[in-house]
Protein chains: 2
Amino acid sequence: MAQFPNTLKQAIEWLSTFGKDSDGGVTRTLYSKTWREAQDALKKWMEGRGFHTYYDSIGNLFGRLPSDDAEAPTILVGSHVDTVKSGGKYDGAYGVIAGVLAINHLYEKFGKPKMNLEVVSLCEEEGSRFPIACWGSGMMTGVYSLNDVVGLMDSEGVNFLDAMKESGFHCQNYSLRNNLHAFIELHIEQGPSLEKLDKEIGIVQTIVGQKRFRITVKGETNHAGTTLMKWRKDPLHGAVKMILSLYEASMQYDDNLVATVGQLFVAPNVPNVIPGQVDFTIDARHPVESTLIHFYERFSREFFLLGKELGLEVELSKWHEVLPVQMDSKLNDKVLNICCEKGISYHVMNSGAGHDAQLFTRICPAAIIFVPSRAGISHSPFEYTSHQDLETGLKVLTQLLYELAY
Amino acid sequence: MAQFPNTLKQAIEWLSTFGKDSDGGVTRTLYSKTWREAQDALKKWMEGRGFHTYYDSIGNLFGRLPSDDAEAPTILVGSHVDTVKSGGKYDGAYGVIAGVLAINHLYEKFGKPKMNLEVVSLCEEEGSRFPIACWGSGMMTGVYSLNDVVGLMDSEGVNFLDAMKESGFHCQNYSLRNNLHAFIELHIEQGPSLEKLDKEIGIVQTIVGQKRFRITVKGETNHAGTTLMKWRKDPLHGAVKMILSLYEASMQYDDNLVATVGQLFVAPNVPNVIPGQVDFTIDARHPVESTLIHFYERFSREFFLLGKELGLEVELSKWHEVLPVQMDSKLNDKVLNICCEKGISYHVMNSGAGHDAQLFTRICPAAIIFVPSRAGISHSPFEYTSHQDLETGLKVLTQLLYELAY
């Protein structure tokens, strides 16, 4: 099968041709044509390498190399095949491809494993087409059921269930995945820590907790020329004071606390009109839940004080929350030992981003292994990890699977 | 002519029926159907009261009561007939209607004046349909020529010249208005000063100067979860510091200095992404040009310092500028004396908003007389001035015209 790739580098490039944009990015959103083509191509690629392949009824693709022991548990390795709009070629894809190559290599070199080895190309993680994220791993682990997608629409008004059916999947009698011994996800860091610290491998201890808030500040819109400063109730004046106090408060905690105002709307947003309302979001993250709660209580108290001081109405609501998740310490110890033995530099760290592996912690021990992302950039055509770093990650994964399954 | 109004109150209500919105606002944008109907109705109303009426070739409507002296100069009084979208019924309309009633009253009571008395319903002042403001007065005073509107489009892609022709005007051989002795504009304040100070009449000394700026702050967009605070180049962090320093600097000047950030855009404006760019506008006004320049130099210096401190790129450009305009002091003295003689409370003030009268200062002495606006609200269905305040303004205007023309 000459059209299929043989090396890690070739395979990354090959998979990125499915959904390639003119700007060099990759767009492969859930249940789109390019998404389906990518999954089908991965399926054929795995079959060519002796994997038993199958889809589940929502579009997660599996490739299995079975043990002789019919009762043996399974070690699942993989990541997601979907991308954001104009994303990079490593996010998700790397973990799937490395899984195939690692298992294939072990099988060729050592024959049948004692435990079943299986790779999964999860259908969806990004939440970039429909307003739901980690759909693939969420169904496998019982976090979601079909009810969670009923009524969801994409930006063009296409219904989730229609898109799924159109793509050939019908979500029938879906049952939780069982008999998993471990889930391993190899992924690019999507942050700058490994590059800044000059480390080859990141071992994820905790996936940080997230809390997202929406803040509305209401004042009085008025004519920019005829309203003296002292008579104004300008919600933007309040909002900038709040945002500054948020940034300053975030500096009072350890480095792991991050707080971001990513979205801000001014109304009516006209140059010669004093704003009447400002809405903004806060995304706050930390690996320790109590620290996040302390931070939230601190900045929200300050917001209401500032509002009162300036005669503004302040509303604050939490609209999204994820608790911190601990990854499996035994698996992490194994990764750490592998790095030590092979002379690979590593960094034990937190993940500021969510990943499929955190959903698997509900049903089995799970680990995430990071490789560096150049300049921390991801979700962009500029996403890049050097070939050497990719190979190092594959080497660690292969050794880990060997130690677990043979 | 039973359908035409007889009192000031009736006339305000009557004119507001042309372009009345379901929310109680009035929409009468330049060269629209309702705009033309309003001008034609005003024309007939004036003719019914003995005025000689005519349009100029861009749609300014005039009603004239001539003197016997063919060489006598003209005292022109009036304001604009157009409105913003869903505006109020007083802004502009009051000055036109009061002009008609004042001249009509004087003519009936004292007969022919020594100077010609003329009212103008200017075609456009608001700039709410096409991106040009004070079109009517600008053409009469030589500020604009036909070239200034070539290529202008409204939000629906209609060409300015096509809209004008469709409305019946062809702008042929347009020449500057000459032989004007004075221009008088009676207008609602559109600010809260008179109400807050409990004064009946505002005498405008200066129309403030305006400078408008666009500021772009560029940083590095990044993942909100994986980028430590100390590694960020967040343009919103810079922007909120800049805006706060702007507000604080504005407090260091006298009350007449106002600075507004009315428009702000964050990009990419996504809750879980650190912004890469923030754009905002500044509208700064003051009656003294040198103060405005000092203020601008002060805040712009601070902006560049803040940008440097945070590793951000800052661009600042001035995109709009109006120099302060002095209204005629002799006319103002007359108004002040009239108020004193009639026991009417007054306030000598600046106008923070622009008006047609400021364009007429190029060709003749000009005055603006304000009446209070409830809560300073205008450009809104909630715009309101009490009947008593409207009548007081009409009384002052009538007396002023009497003193000038008889």
Point to revise | Hz values of 3J(HN,Hα) by residue in the stretch A:239-251 - Karplus curve (6.51, -1.76, 1.60), Gly and Pro given as x | key: 4, 5, 5, 5, 5, 5, 5, 5, 4, 5, 5, 4, 6
Exercise for review: Can you list the distances in nanometres, one decimal and ascending, from the residue B:244 label point to the identical position in each other copy, with the point 7 Å along Cα to Cβ?
Suggested key: 0.4
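Would you mind getting me the FRET efficiency between residue A:195 and residue A:161? Use the beta-carbon distance for r and R0 = 45 Å, nearest 0.05. Provide the component values of the computation, followed by the final result.
Details: r = 42 Å, r/R0 = 0.92.
The value I calculate is 0.60.
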Point to revise | Shape of the stretch A:319-406, Cα gyration tensor, a/c cut at 1.5 | key: oblate
Review point. In straight Cα distance, which aspartates and glutamates are under 19 Å from residue A:44, not counting same-chain residues fewer than 8 positions off?
Key: A:13, A:56, A:82, A:108, A:118
Check your understanding: Which lysines have a Cα less than 26 Å from the Cα of residue A:308, not counting those fewer than 8 places away in the same chain?
Key -> A:211, A:218, A:230, A:233, A:241, A:318, B:196, B:241
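Looking at chain B, send over the antiparallel percent of its DSSP beta bridges, to the nearest 5.
On the way: 44 of 67 bridges.
For chain B, the DSSP antiparallel bridge percentage is about 65.
What order do you get for A:160, A:370 when you list them from fewest to most C-beta neighbours inside 10 Å?
Numbers: A:160 22, A:370 29.
Listed from fewest to most nearby Cβ atoms, that is A:160, A:370.
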**Study point:** Exposure proxy ranking, count of Cβ atoms within 10 Å, fewest first, for A:279, A:255
**Key:** A:255, A:279
Review point. Given +1 on the Cβ of Lys and Arg, -1 on the Cβ of Asp and Glu, and no further charges, what dipole in debye does chain B carry about its Cα centre, rounded to the nearest 20?
Key: 260
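Explain nothing, just the number: relative contact order of the stretch B:1-44, from Cα pairs under 8 Å at least 6 residues apart, as a whole percent. Display every interim value, and only then the final one.
Numbers: 24 pairs, mean separation 10.7, N = 44.
For the stretch B:1-44, the relative contact order is 24 percent.
Which whole-number percent is the relative contact order of the stretch B:280-406 (Cα, under 8 Å, 6+ apart)? Working shown, then result.
Numbers: 66 pairs, mean separation 27.9, N = 127.
Rounded, it is 22 percent for the stretch B:280-406.
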Exercise for review: Sort shortest first the distances from residue B:21 to its counterpart in every other copy, using label points 7 Å along the Cα-to-beta-carbon line, and give them in nm.
Suggested key: 3.7
Practice item. Quick one: angle between helix A:33-48 and the longest Cα principal axis of chain A, in degrees between 0 and 90, rounded to 10, please. Key: 30
Point to revise | Label-point separation, residue A:251 to residue A:317 (7 Å along Cα→Cβ), nm | key: 3.3
Study note, to complete from the structure: Length-normalised contact order of chain B, Cα under 8 Å, at least 6 apart, in percent, tallies to 22
Exercise for review: Give me the distance between the Cα centres of the stretch B:1-38 and the stretch A:200-252, rounded to whole Å.
Suggested key: 44
Exercise for review: Could you tell me which residue in chain B puts its beta carbon nearest the axis mapping B onto A, with the distance rounded to whole Å?
Suggested key: B:240, 2
Exercise for review: State, to one decimal in nm and shortest first, how far the label point of residue A:181 sits from each corresponding label point in the other identical copies (label point: 7 angstrom along Cα-to-Cβ).
Suggested key: 10.7
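Which longest run of chain B has no exposed loop site in it, a site being GluC sites (Glu not before Pro) in a DSSP loop with at most 16 other beta carbons within 10 Å, and the site itself not part of the run? Mind dumping the intermediate values first?
Values: sites that count: B:71, B:156.
Result for the longest clean stretch: B:157-406.
Sort B:107, A:144 so the one with the fewest other Cβ atoms within 10 Å of its own Cβ comes first. Intermediate values should be presented prior to the final figure.
Working: B:107 16, A:144 19.
The most exposed by this proxy come first: B:107, A:144.
Read the figures in this text as sums done on the coordinates, not as results from a lab. Since the model is a prediction, treat every value here as computed from it, not as a measurement. Neighbour counts are summed over all protein chains in view; Cβ atoms, including those assigned to glycine, are modelled from backbone coordinates with ideal geometry.
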